[in-house]
Structures are given as C-alpha cells and as structure tokens.
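Data first, discussion second: the structure below is written as structure tokens.
The values are calculated or read from the model by the stated rules, or taken from the named source; none is laboratory data. Computed from a prediction, not measured in an experiment: that's the story for all the values here. Here the Cβ positions follow ideal geometry from the backbone for every residue, glycine too, while neighbour counts run over all protein chains shown.
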Amino acid sequence: MFRPTSPVSLGALTALAALLIAAQPASAAEEKVLNLYSARHYQTDEALYANFTKQTGIRINRIEGKEEELLERIRNEGANSPADVLLTVDASRLAKAHELGLFVPVKSKLLESRIPAHLRADDWFSFSTRARVIVYNKASVKAEDVQNYDDLADAKLKGKVCTRSGSHPYNLSLMASIISHQGDAKAESWAKGVVANFARAPKGGDTDQIKAVAAGECGIAISNSYYVARLMRSDKEADKKVMAQVGIVWPNQKTTGTHINVSGGGMLKHAPHKEAAVKFLEYLASDDAQRYFADGNNEWPVVPSVKVDNPALAALGTFKADTLPVGTLQMYSTKAQVIFDKAGYR
C-alpha cells in the first residue's frame, strides 16, 4: 500500500488528481466502444456497422432482440445499463421508448441539418423510411377502387381484405396517422369498416399478406414497401409468380400522401459512452450509411440529397409521401390500439 513520506493535504491530492486527468489525451477519456441494442434484424446492416468502425475506430458491441424484449431489458438495467443507443423499426415502437423515458435528447447541428424536421422527434431520429402501400389482386380488384386507405373500409370490398394483427406496430402507426388527419370518430369508423371486410382473421407478416393476395385468398392487403421490393428483387420463380399476380397502389396521392413509417433510434439516458453514441447517430445520417439503408434493405434515405441505386425502388416509382411529423405518430400510438381493440381488430 502506498503511504506518503510526508503529510499531504486533501486539497493537494484533489489538485493532483485533476492535473493528471487533464493531462490525459482526450481519446482516453472515453473507451472507444459503442454498446448498441438493435431490433433491426437485417444481414445488410453488418456492412453498415463495419464501415462505422473502419471510419472511427469505435468498436460496436451489439445486442439484438425483439423490440419488447429490448425495452424491458433497458428498463430493468436502469442506471446500470451498458446500452448507449437503441435502434428499432416503426414510429410506435420508438414512441414506446420515449414514453418509458429511455431516451435523452441529443444536440447535433449535423443531425438537425441533414434530417428533415418532420422525421425527428424530441429525443430520437429517423434514419430510413418505408411506405405503407396497398397491394391488390389484378384479376379480382380494380386499382381505381383502392386508391385511398379509406377505400379498405368500403362495403364493396367485403370479404376481400387481408391484414396482419391490429396490435402490430406497423398498423398502429398507420392508425395514428388516420387519427391525426381525420379525428377519433372517423378513425374508429374506418377500423370497424376494415374489420367488416376481412377475408380471414388477421395473421402473418406483410410478405404473407402479399402472397395471400396473389393466391386469391383475399383481394387486397396493406404492406410495407420494402417487402414488395424484396420480392421484386428475388430470383425465385415462386416470388416472380407472386409479383405477376399483384398490383401496387400508392394510397392518398390526391390528399395527405402515402403513410410513411421509419426506422430510427436515439441515445439512451444512461449511455456510458455518450461521445461514441453521438458519433454513431451522426454516422447514420451520412451519405454512406444512408445508401446502406436504401440499397441493403430497400428503404429510402431520410437525407433528401442522398442518391441511391436500387432497381426495385426505381421500379416502384416516385410518389407523394405524407409529411406528418413522427412526433405526431408518437402522440397517437396508444390511442390507436384502443380504437383497434374497440373495433374488434385483433
């Protein structure tokens, strides 16, 4: 044990400690590591993370899991959580993290300048977008009959609607946008109309809905655009046959625009590596990272100036997107579930 040879005052020891800390290089002040909790399960993200480490020297420790599991884990870890950043998909899931008080606001001129205001919330950022499109069977449904989300509740489509669960975040975000644009009463009426038009009980994911439409099990469904693009880019004959049977509609082109959902994330309240967390979030808004999102997982960049080379997205064409702020979707996500439950949308 070290013992001073002569008395040293507490003040002198404090001053010495401060001097030693100040003498350390800035890079030593924080370990060059980032602990990432991610609910994105896309193999193409490997290149995204590897490029960040190559550019910055910051190593990424990644924990992957389902959204609910990760949120619960962060809550249970509390102030001792090693997590720096949470990445997930869908505004309603990001809204849940916000409601739980897991995020902390990040001040970054770079993020504010590159990410449009409607794609930023108070304490999280969108890094890619996907559209909620209408998929229809070309042999049994006319495109002009499904030009708007409202049309899915029209009685003439009785027995023709396939959908995934009403409790799924993708549908909750869509409902949140309908509440914002049309109010509670019309949103509830729409939900009841869609339920009355079900071809079968809700089940499966978006790809299952597309295949059910192609098979004639139902006439129409709603899907995130990247599932459509994925099938379009597939070399499998079965997938090519599916896409030959279906048509795609960008809903609400003459009104609010097609509903946009997001993939995003933010810095966590107890992040031990805050500097690395900010650098990572800023990296996700870089041209390189934005192209990874678009070309790797068939999503659109949030940074308007970024150009991508994705044949499926190009084939889908351009469309008018709903510019409803993601913070508004966050505001109505809980009410969306209440309305779906009341309508019997399970």
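Brief remarks follow.
- The selection criterion, being surrounded by fewer than 19 Cβ atoms within 10 Å (Cβ to Cβ) and over 22 Å from the mean Cα position of the chain (by Cα), does not hold for Gly193.
- Test: Phe52 is closer than 22 Å to Leu329 by Cα, modelled with pLDDT of 95 or more and of a type in the set (Phe, Trp, Tyr): no
- Residues in segment 223-237 that are part of a helix (DSSP H, G or I) and of a type in the set (Gly, Ala, Ser): 2 in all.
- Scanning segment 86-109 for residues that are surrounded by fewer than 14 Cβ atoms within 10 Å (Cβ to Cβ) and not hydrophobic (A, V, I, L, M, F, W, C) returns Glu99, Gly101, Pro105, Lys107, Lys109.
- Identification of helices (runs of 4 or more DSSP H) wholly contained in segment 258-346 with 1 or more residues that are at pLDDT 95 or above and over 19 Å from the mean Cα position of the chain (by Cα) yields 274-284, 326-343.
- Taking (1) in contact (Cβ under 8 Å) with a residue 40 or more places away in the chain; (2) farther than 30 Å from Val242 by Cα; (3) of a type in the set (Lys, Arg) in turn, Arg132 satisfies each apart from (2).
- Residue identified as of a type in the set (A, V, I, L, M, F, W, C), out of contact with any strand residue (DSSP E or B) (no Cβ under 9 Å at 6 or more places or on another chain) and under 30 Å from Lys54 (Cβ atoms) among Ala314, Ala276: Ala314
- Residues in segment 110-169 that are assigned by TED's automatic domain parsing to the domain that holds Asp206, assigned to a helix (DSSP H, G or I) and either modelled with pLDDT of 95 or more or surrounded by fewer than 19 Cβ atoms within 10 Å (Cβ to Cβ) (or both): Ala143, Glu144, Asp145, Tyr149, Asp150, Asp151, Leu152, Ala153, Ala155, Lys156, Leu157.
- Test for Ala83: is it buried (at least 20 other Cβ atoms within 10 Å of the Cβ) and in a helix (DSSP H, G or I): no
- Among the residues listed as Ser234, Ser173, the single one being in contact with a helix residue (DSSP H, G or I) (Cβ under 6 Å, 6 or more places away or on another chain) and under 30 Å from Pro301 (Cβ atoms): Ser173
- Residue under evaluation Lys240, criteria (1) outside the structural domain of Leu48 (by TED's automatic domain parsing); (2) surrounded by fewer than 19 Cβ atoms within 10 Å (Cβ to Cβ); (3) assigned to a loop (DSSP other than H, G, I, E, B), criterion not met: (3)
- Segment 189-222, residues that are within 19 Å of Arg233 (Cβ to Cβ) and either assigned to a loop (DSSP other than H, G, I, E, B) or β-branched (Val, Ile, Thr) (or both): Gly205, Thr207, Ile210, Val213
- Qualifying residue in segment 55-65 (condition: in the same structural domain as Asn310 (by TED's automatic domain parsing), small (Gly, Ala, Ser), modelled with pLDDT of 95 or more and not in a loop (DSSP other than H, G, I, E, B)): no
- Cβ-Cβ contacts under 6 Å between residues 6 or more apart (or on different chains), taken from a first residue in segment 158-169 that is closer than 21 Å to Val338 by Cα to a second residue that is surrounded by 19 or more Cβ atoms within 10 Å (Cβ to Cβ) and at pLDDT below 95, are listed as Pro169/Asp90; Pro169/Ser92; Pro169/Arg93.
- One residue from Tyr292, Tyr283, Tyr332 being within 27 Å of Val85 (Cα to Cα), in the same structural domain as Asp145 (by TED's automatic domain parsing) and not basic (Lys, Arg): Tyr332
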